[in-house]
1. Could you list, in sequence order, all residues of the stretch 51-98 that are modelled with pLDDT under 90, of a type in the set (Phe, Trp, Tyr) and outside any loop (DSSP other than H, G, I, E, B)?
2. Please verify whether Ala136 is outside any loop (DSSP other than H, G, I, E, B), hydrophobic (A, V, I, L, M, F, W, C) and out of contact with any Phe, Trp or Tyr (no Cβ under 6 Å at 6 or more places or on another chain), treating the condition exactly as stated.
3. For the stretch 141-181, what are the residues that are of a type in the set (S, T, N, Q), outside any loop (DSSP other than H, G, I, E, B) and closer than 30 Å to Ser37 by Cβ?
4. Is it the case that some residue within the stretch 133-144 is touching a strand residue (DSSP E or B) at 6+ places or on another chain (Cβ under 8 Å), open to solvent by 40 Å² or more (accessible area, probe 1.4 Å), within 24 Å of Ala25 (Cα to Cα) and modelled with pLDDT under 95?
5. Residues to consider are Thr5, Thr9; find the one that is modelled with pLDDT of 80 or more, in contact with a strand residue (DSSP E or B) (Cβ under 8 Å, 6 or more places away or on another chain) and open to solvent by 50 Å² or more (accessible area, probe 1.4 Å).
Amino acid sequence: MSFNTFGRTFRFSTWGESHGPALGAVVDGCPPGLELSEADIQPFLDARRPGQSKYTTQRQEPDQVKILSGVFEGRTTGTPISLMIENVDQRSKDYSDVAKAYRPGHADYAYDQKYGFRDYRGGGRSSARETAARVAAGAVARLAIPEVSIRAWVAEIGGDAIEMANFDADEIGNNPFFCPDAVAAKRWEALVDGA
(Lines give C-alpha, C1' and ligand atoms only; values in the text may rest on other atoms or scores of the structure.)
Protein backbone atom coordinates (compact mmCIF):
# COMPACT_ATOMS: atom_id res chain seq x y z
CA MET A 1 0.00 0.00 0.00
CA SER A 2 1.25 3.45 -0.82
CA PHE A 3 1.09 6.29 1.68
CA ASN A 4 0.15 9.75 0.52
CA THR A 5 -1.13 11.19 3.80
CA PHE A 6 1.20 12.56 6.46
CA GLY A 7 0.61 13.85 9.99
CA ARG A 8 -2.02 13.43 12.66
CA THR A 9 -3.42 16.65 14.13
CA PHE A 10 -2.17 18.68 11.18
CA ARG A 11 -2.13 16.43 8.14
CA PHE A 12 -1.97 16.59 4.38
CA SER A 13 -2.52 14.24 1.47
CA THR A 14 -0.79 14.73 -1.87
CA TRP A 15 -2.29 13.88 -5.24
CA GLY A 16 -1.38 13.96 -8.94
CA GLU A 17 1.46 12.76 -11.12
CA SER A 18 4.49 14.24 -12.82
CA HIS A 19 2.84 14.12 -16.25
CA GLY A 20 -0.80 14.56 -15.29
CA PRO A 21 -2.67 17.83 -15.68
CA ALA A 22 -1.87 18.96 -12.13
CA LEU A 23 -0.68 17.89 -8.71
CA GLY A 24 -1.43 19.20 -5.27
CA ALA A 25 -2.26 18.66 -1.64
CA VAL A 26 -5.24 18.73 0.68
CA VAL A 27 -4.28 20.16 4.08
CA ASP A 28 -6.50 19.29 7.04
CA GLY A 29 -6.27 20.39 10.65
CA CYS A 30 -5.31 23.99 9.99
CA PRO A 31 -7.02 26.27 12.51
CA PRO A 32 -9.53 28.85 11.27
CA GLY A 33 -8.72 32.53 11.08
CA LEU A 34 -5.10 32.39 9.85
CA GLU A 35 -4.24 34.79 7.05
CA LEU A 36 -3.42 32.72 3.96
CA SER A 37 -3.04 33.52 0.29
CA GLU A 38 -1.15 32.09 -2.67
CA ALA A 39 1.49 34.77 -2.01
CA ASP A 40 2.29 33.11 1.35
CA ILE A 41 2.98 29.78 -0.36
CA GLN A 42 4.62 30.88 -3.62
CA PRO A 43 8.10 31.84 -2.29
CA PHE A 44 8.65 28.27 -1.08
CA LEU A 45 7.58 26.83 -4.43
CA ASP A 46 9.82 29.32 -6.21
CA ALA A 47 12.79 28.08 -4.16
CA ARG A 48 12.22 24.43 -5.22
CA ARG A 49 11.17 25.20 -8.80
CA PRO A 50 12.98 23.10 -11.43
CA GLY A 51 15.26 24.50 -14.10
CA GLN A 52 17.10 26.97 -11.87
CA SER A 53 20.54 25.44 -12.35
CA LYS A 54 22.26 23.02 -14.68
CA TYR A 55 22.30 20.48 -11.83
CA THR A 56 18.51 20.03 -11.74
CA THR A 57 15.93 18.97 -14.28
CA GLN A 58 15.55 21.52 -17.06
CA ARG A 59 11.80 21.11 -17.09
CA GLN A 60 10.35 24.61 -16.95
CA GLU A 61 7.44 24.72 -14.53
CA PRO A 62 6.18 28.00 -13.04
CA ASP A 63 4.78 26.07 -10.03
CA GLN A 64 1.98 28.61 -9.54
CA VAL A 65 -0.17 27.47 -6.63
CA LYS A 66 -3.94 27.95 -6.55
CA ILE A 67 -5.96 27.70 -3.37
CA LEU A 68 -9.18 25.92 -4.32
CA SER A 69 -10.88 25.65 -0.93
CA GLY A 70 -10.51 26.25 2.79
CA VAL A 71 -9.85 30.00 2.57
CA PHE A 72 -12.43 32.78 2.53
CA GLU A 73 -11.63 36.48 2.33
CA GLY A 74 -7.95 35.76 2.94
CA ARG A 75 -8.41 33.65 6.08
CA THR A 76 -8.49 29.92 6.70
CA THR A 77 -11.94 28.54 7.48
CA GLY A 78 -10.85 25.49 9.49
CA THR A 79 -11.99 23.19 6.68
CA PRO A 80 -9.63 21.28 4.33
CA ILE A 81 -7.41 23.53 2.24
CA SER A 82 -7.03 22.25 -1.31
CA LEU A 83 -3.92 23.40 -3.17
CA MET A 84 -3.32 22.83 -6.88
CA ILE A 85 -0.20 23.28 -9.03
CA GLU A 86 -0.70 22.80 -12.74
CA ASN A 87 1.85 20.92 -14.85
CA VAL A 88 2.55 23.03 -17.92
CA ASP A 89 5.83 21.55 -19.25
CA GLN A 90 4.86 17.92 -19.68
CA ARG A 91 7.12 16.19 -22.13
CA SER A 92 6.05 12.55 -21.91
CA LYS A 93 7.54 11.88 -25.34
CA ASP A 94 10.98 12.68 -23.86
CA TYR A 95 10.70 9.36 -22.01
CA SER A 96 9.90 7.10 -24.98
CA ASP A 97 13.54 5.95 -25.20
CA VAL A 98 13.58 4.82 -21.57
CA ALA A 99 10.22 3.03 -21.67
CA LYS A 100 12.01 -0.32 -21.77
CA ALA A 101 14.86 0.46 -19.35
CA TYR A 102 15.04 1.85 -15.83
CA ARG A 103 17.02 5.02 -15.30
CA PRO A 104 20.00 4.68 -12.94
CA GLY A 105 19.36 6.37 -9.63
CA HIS A 106 15.69 7.05 -10.36
CA ALA A 107 12.87 5.77 -8.18
CA ASP A 108 10.88 4.20 -11.01
CA TYR A 109 12.61 0.83 -10.43
CA ALA A 110 11.89 0.83 -6.68
CA TYR A 111 8.31 1.93 -7.34
CA ASP A 112 7.80 -0.89 -9.84
CA GLN A 113 9.24 -3.44 -7.41
CA LYS A 114 7.11 -2.20 -4.52
CA TYR A 115 3.79 -1.67 -6.33
CA GLY A 116 4.12 -3.73 -9.52
CA PHE A 117 3.49 -0.69 -11.69
CA ARG A 118 5.81 1.61 -13.62
CA ASP A 119 4.95 4.98 -15.10
CA TYR A 120 8.01 5.56 -17.30
CA ARG A 121 6.84 9.08 -18.22
CA GLY A 122 8.90 10.74 -15.53
CA GLY A 123 8.05 8.23 -12.83
CA GLY A 124 4.48 9.32 -12.04
CA ARG A 125 4.21 9.40 -8.23
CA SER A 126 7.88 8.48 -7.82
CA SER A 127 8.96 11.70 -9.54
CA ALA A 128 10.64 14.49 -7.62
CA ARG A 129 7.94 16.69 -9.17
CA GLU A 130 5.64 15.35 -6.43
CA THR A 131 7.66 17.30 -3.86
CA ALA A 132 5.99 20.52 -5.07
CA ALA A 133 2.79 19.44 -3.32
CA ARG A 134 4.69 18.70 -0.11
CA VAL A 135 6.39 22.11 -0.23
CA ALA A 136 3.02 23.85 -0.67
CA ALA A 137 1.57 21.96 2.30
CA GLY A 138 4.68 22.80 4.33
CA ALA A 139 4.20 26.49 3.61
CA VAL A 140 0.73 26.27 5.15
CA ALA A 141 2.18 24.40 8.15
CA ARG A 142 4.68 27.23 8.72
CA LEU A 143 1.76 29.60 9.23
CA ALA A 144 -0.05 27.18 11.55
CA ILE A 145 3.04 26.54 13.73
CA PRO A 146 5.27 29.61 13.29
CA GLU A 147 7.35 28.78 16.36
CA VAL A 148 8.77 25.71 14.60
CA SER A 149 11.66 26.16 12.20
CA ILE A 150 13.03 23.42 9.96
CA ARG A 151 16.24 23.78 8.00
CA ALA A 152 17.71 21.19 5.66
CA TRP A 153 20.91 20.95 3.65
CA VAL A 154 23.04 18.51 1.68
CA ALA A 155 25.97 17.26 3.73
CA GLU A 156 27.69 14.94 1.26
CA ILE A 157 27.79 14.11 -2.44
CA GLY A 158 29.64 11.11 -3.82
CA GLY A 159 31.58 10.56 -0.61
CA ASP A 160 32.74 14.19 -0.41
CA ALA A 161 31.38 15.63 2.85
CA ILE A 162 31.17 19.17 4.16
CA GLU A 163 33.50 20.46 6.86
CA MET A 164 31.39 21.32 9.90
CA ALA A 165 33.89 24.07 10.76
CA ASN A 166 32.80 25.78 7.51
CA PHE A 167 29.07 25.46 8.26
CA ASP A 168 27.21 28.68 7.38
CA ALA A 169 23.42 28.45 7.40
CA ASP A 170 23.19 31.55 5.20
CA GLU A 171 25.20 29.75 2.51
CA ILE A 172 22.51 27.06 1.99
CA GLY A 173 20.48 29.17 -0.43
CA ASN A 174 23.51 30.56 -2.26
CA ASN A 175 24.46 27.49 -4.30
CA PRO A 176 22.65 24.91 -6.41
CA PHE A 177 23.44 22.08 -3.96
CA PHE A 178 21.87 23.66 -0.85
CA CYS A 179 25.25 23.22 0.79
CA PRO A 180 26.18 25.10 4.00
CA ASP A 181 29.90 24.89 3.15
CA ALA A 182 30.88 27.23 0.27
CA VAL A 183 34.19 25.41 -0.25
CA ALA A 184 32.47 22.01 -0.52
CA ALA A 185 29.87 23.45 -2.90
CA LYS A 186 32.65 24.51 -5.28
CA ARG A 187 34.21 21.03 -5.10
CA TRP A 188 30.84 19.47 -5.78
CA GLU A 189 30.39 21.51 -8.97
CA ALA A 190 33.59 19.92 -10.34
CA LEU A 191 32.57 16.50 -9.01
CA VAL A 192 29.14 16.57 -10.68
CA ASP A 193 30.46 18.14 -13.90
CA GLY A 194 33.10 15.41 -14.06
CA ALA A 195 30.52 12.68 -13.62
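The values are calculated or read from the model by the stated rules, or taken from the named source; none is laboratory data. If you're wondering where the values come from, they're calculated on a predicted model, not measured in any experiment. Note: ideal-geometry Cβ built from the backbone for every residue, glycine included; neighbour counts use all protein chains shown. We work out accessible area using only protein heavy atoms, side chains counted, and drop any ligands, DNA or RNA first. Shrake-Rupley method; radii C 1.70, N 1.55, O 1.52, S 1.80 Å.
1. Once the filter is applied, which keeps residues that are modelled with pLDDT under 90, of a type in the set (Phe, Trp, Tyr) and outside any loop (DSSP other than H, G, I, E, B), the stretch 51-98 yields only Tyr95.
2. Considered against the rule, which asks whether it is outside any loop (DSSP other than H, G, I, E, B), hydrophobic (A, V, I, L, M, F, W, C) and out of contact with any Phe, Trp or Tyr (no Cβ under 6 Å at 6 or more places or on another chain), Ala136 comes out as yes.
3. Matches in the stretch 141-181: Asn174 only.
4. Yes: one or more hits.
5. Thr5
Yes/no matrix, rows are residues, columns are (1) touching a residue at least 40 places away in the same chain (Cβ under 8 Å); (2) surrounded by 11 or more Cβ atoms within 10 Å (Cβ to Cβ):
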| site | (1), (2) |
| --- | --- |
| Gly159 | no, no |
| Phe177 | yes, yes |
| Pro180 | no, yes |
| Ala185 | no, yes |
